Amino acid sequence: MILDKLELIKERFEEVGRLLVQQDIASDQKRYSSLNKEYKDLEKMVVVYEAFKDLNDKVAQARNILETEKDPDFRELAKAELEELLPKVPVMEDELKSMLVPRDPNDSKNIILEVRAGAGGDEASIFAGDIFRMYQRFCEKMGWKMDIIDFNLGTSGGYKEVVCNVSGEDVYGMMKWESGVHRVQRVPATEAQGRVHTSAASVAVLPEVDDVEVVLNASDIRKDTFCSSGAGGQSVNTTYSAVRLTHIPTGIVVQCQDERSQIKNSEKAMKVLRSRIYEIELAKHNEEIAGQRKTMVGSGDRSDKIRTYNYPQGRVTDHRIGYTVYNLPTVMEGEVGEFMNQLRMADNAEKLKEGASI
């Protein structure tokens with residue numbers, strides 16, 4: 001059954017390849033872009049599928065030699081080859097199964113990333129700043145672009161809250177696992193007694209949506225302008241360039257003061273507003289799914305405690321899958337991708353186990 005699906009995928013891959021070279025497709029930028037993305041996604045599966053078929057052919061040939069060949073030297077070579085090839089078969093089969101798990105349609109989207117200080121006073125703001133810098137470095141490693149939309153500095157450093165846009169390839173697909181409460185255990189710089197304190201920061205990862213996916217009525221939005229505050233810029237505290245949008249039906253409030261232009265700040269704030277409203281609908285959808293499938297990875301709710309950063313032990317633990325590493329300084333320098341990979345694999349494994357995809 002799996003091989004049948006993969007053969008159909010290969011046929012579709014070849015079909016898309018033929019479509020991409022047609023003149024009418026090349027002249028339609030929107031359709032060409034969509035097909036080109038589909039081609040790249042299918043290509044990854046086809047490459048592994050072809051390698052899997054080649055592996056099975058080699059196994060069959062080695063087995064045939066063992067069954068028909070009488071020369072002991074040939075038989076010994078075939079036996080050695082089988083011992084090398086057979087362990088690779090289930091590994092590659094699992095990889096193909098994982099690739100067949102239906103992708104979240106939001107995975108390819110850019111995101112709105114929000115980091116907020118939680119319980120813990122000044123130390124929570126400092127930790128929120130540490131978490132945000134961890135993501136900054138991770139985005140740099142991934143080649144993604146990060147633009148700050150709004151921020152509120154902590155009184156002793158870090159951020160009370162910071163909101164930014166992250167754009168690049170499959171940003172939401174990687175970052176969606178980060179939503180939730182991140183907890184830190186360490187001795188704060190402000191602690192004179194040397195006692196370990198526990199503080200928290202909440203992270204929200206929202207898929208960026210366009211005006212087609214979330215339609216907002218102008219009459220439902222109140223727009224206020226105010227003087228921007230923050231570091232640098234001639235416009236700071238002199239012009240009403242900062243923008244605050246209030247969505248009256250839901251009470252959602254967003255603001256942006258990053259740009260000198262009121263128009264640009266309005267555009268950025270509108271992106272955040274759309275994503276926040278979309279998140280409400282997404283949460284309802286996830287609740288319905290959660291009723292059918294209790295996932296150990298969790299719903300991505302921002303109230304879930306997902307990870308602990310223990311500085312005295314140099315330990316980082318993800319509570320959803322029980323994954324622990326003892327290289328906390330490296331993680332805080334942006335090496336957080338392995339947590340995302342482990343969470344994605346755990347989620348795929350659950351879907352496969354329940355037969356949700358194959």
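The values are calculated or read from the model by the stated rules, or taken from the named source; none is laboratory data. These figures come from a predicted structure and were not determined experimentally. Positions of Cβ are backbone-derived with ideal geometry, glycine not excepted, and every protein chain shown enters the neighbour counts.
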Can you name the residue in region 127-181 that is more than 18 Å from the chain's Cα centre (by Cα) and charged (D, E, K, R) and, of all such residues, is nearest to Lys109 (Cα to Cα)? Asp150
Just the residues that are assigned to a loop (DSSP other than H, G, I, E, B), of a type outside the set (Asp, Glu), at pLDDT 75 or above and in contact with a helix residue (DSSP H, G or I) (Cβ under 7 Å, 6 or more places away or on another chain), please, taken from region 190-225. Val209
Consider Ser125 carefully, then state whether it is at pLDDT 90 or above, within 21 Å of Lys305 (Cα to Cα) and not aliphatic (A, V, I, L, M). yes
Of all residues in region 233-290 being part of a loop (DSSP other than H, G, I, E, B) and of a type in the set (A, V, I, L, M), which is modelled with the lowest pLDDT? Val236
If a residue must be under 21 Å from Pro207 (Cβ atoms) and assigned to a loop (DSSP other than H, G, I, E, B), how many such residues does region 114-145 contain? 2
Take the conditions within 26 Å of Lys5 (Cβ to Cβ), of a type in the set (Val, Ile, Thr), surrounded by 13 or more Cβ atoms within 10 Å (Cβ to Cβ) and assigned by TED's automatic domain parsing to the domain that holds Leu96 and apply them to Val59. Does it pass? yes
Among the residues of region 45-56, are any at pLDDT below 90 and either within 22 Å of Ser98 (Cα to Cα) or surrounded by 13 or more Cβ atoms within 10 Å (Cβ to Cβ) (or both)? yes
Has region 174-189 got at least one residue that is modelled with pLDDT under 85 and in contact with a His (Cβ under 9 Å, 6 or more places away or on another chain)? yes
Taking the criterion of being aromatic (Phe, Trp, Tyr), under 17 Å from the mean Cα position of the chain (by Cα), surrounded by 17 or more Cβ atoms within 10 Å (Cβ to Cβ) and modelled with pLDDT of 80 or more, would at least one residue in region 309-323 satisfy it? no
Can you pull out every residue in region 55-70 that is free of Cβ contacts under 8 Å to residues at least 12 places away in the same chain and within 11 Å of Leu86 (Cα to Cα)? Ala60
